[in-house]
Amino acid sequence: MTRPTCLLFDCDGTLVDSEPLLAAEMAASLTAAGLPFRAEDYMGDFRGARFRNIVATLEAQHGRVDPDHLETLEAAMRANLNRRLATDLTPIVGATEALAALTDYPMGVVSNGPENKVSTSLNTVGLTEVFGNRIFSGYTANCWKPDPCLYLHAASIMGFAAEDCIAIDDAIVGVQAALAAGMTVIHLNRFPDAEETPEGAIMITSMFQLPTVISSIQRQHQGALRVSHA
């Protein structure tokens, strides 16, 4: 009998096209705080990274910002972003169709972002019912990708061993986290000309490919199980 498989999805850039909105709000806020930052910097160098890690990198280059000022700035940035997520957000092309084809699998969302941001994003694009309360945030678990702990936390709460999970993530930090957790990893590489898929991960360039790739992984697992029990 085949063991059940759990699908763990990143949110930003994998399910929803939120990263351009996030990059724009981050650029405005950080630059206003004296940490020069462009939207394309996020998309190029920091995609998927925790906000405070980005700040630390910029402070090393440009000098420290008063922590109280930074906290106020981050709160305002997140409030502005949530307003835009509620009105301007669209799903990643092919994501809705892929999820509809994978309804037989237990599924969760694993994100470095705050839980309310993930919930707002899923609600805006009509995916709330797909995932229910199976949202796992770095801010709730107090650990962030690329540390494997967030993916391991999600698997544990979902009731699965890491080897029985398939992680789908577009950001290198997320792919690294899931690989380190011992999961099968699918890298949604929407920028294959500029980004290299880490060794050990399976690359797709469109979410439309996902159901076929997962079916192929399942067939391989079933074949391996039959060989091991022969």
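The values are calculated or read from the model by the stated rules, or taken from the named source; none is laboratory data. Worth saying up front: this structure is predicted, and the values here are computed from it rather than measured. Virtual Cβ from ideal backbone geometry, glycine too; neighbours counted across all protein chains shown. Just the protein is used for accessible areas: all its heavy atoms, side chains included, with ligands, DNA and RNA removed. Shrake-Rupley method; radii C 1.70, N 1.55, O 1.52, S 1.80 Å.
Excluding ligands, DNA and RNA, the accessible surface per residue across the chain is 47 Å² with a 1.4 Å probe.
Taking the C-alpha atoms only, the angle from helix 210-228 to the longest principal axis of the chain is near 50 degrees. Each Lys and Arg Cβ is given +1 and each Asp and Glu Cβ -1; about its Cα centre, the chain then shows a dipole of about 500 debye. Toward the positive end of the charge dipole of segment 1-86, with +1 on the Cβ of Lys and Arg and -1 on the Cβ of Asp and Glu, the farthest Cα among L70, F51, C6 is that of C6.
Database remark: amide H of M203 closer than 5 angstrom to the amide H of H187 (H placed geometrically; neighbours at sequence offset of 5 or more, or on other chains; Pro and chain starts carry no H). Compare P192, P114, P106 in a GNM of the chain, Cα atoms joined below 10 Å, and give the one with the largest fluctuation. Maximum among the listed residues: P192. The spacing between segment 28-105 and segment 147-198, judged by their C-alpha centroids, is 20 Å.
Between the residues P36, G159, L99, the greatest Cα displacement towards the positive end of the dipole of the chain, with unit charges on the Cβ of Lys, Arg, Asp and Glu, is found for G159. Its residue count N fixes a reference of 2.2 N^0.38 Å for the chain, and the Cα radius of gyration divided by that reference is 1.04. Along the charge dipole of segment 84-230, Cβ charges K/R +1 and D/E -1, which of I204, H187, N133 sits furthest on the positive end? Selected residue: N133. Placing +1 on each Lys and Arg Cβ and -1 on each Asp and Glu Cβ, with no other charges, gives segment 1-80 a dipole about its Cα centre of roughly 280 debye.
Could you check how much of the accessible area of the chain is carbon and sulfur, as a whole percent, using a 1.4 Å probe? Taking all protein chains in place, the chain shows 52 percent carbon and sulfur surface. Rounded to the nearest 20 debye, the dipole size of segment 47-141 about its Cα centre is 120 debye, using +1 on the Cβ of Lys and Arg and -1 on the Cβ of Asp and Glu.
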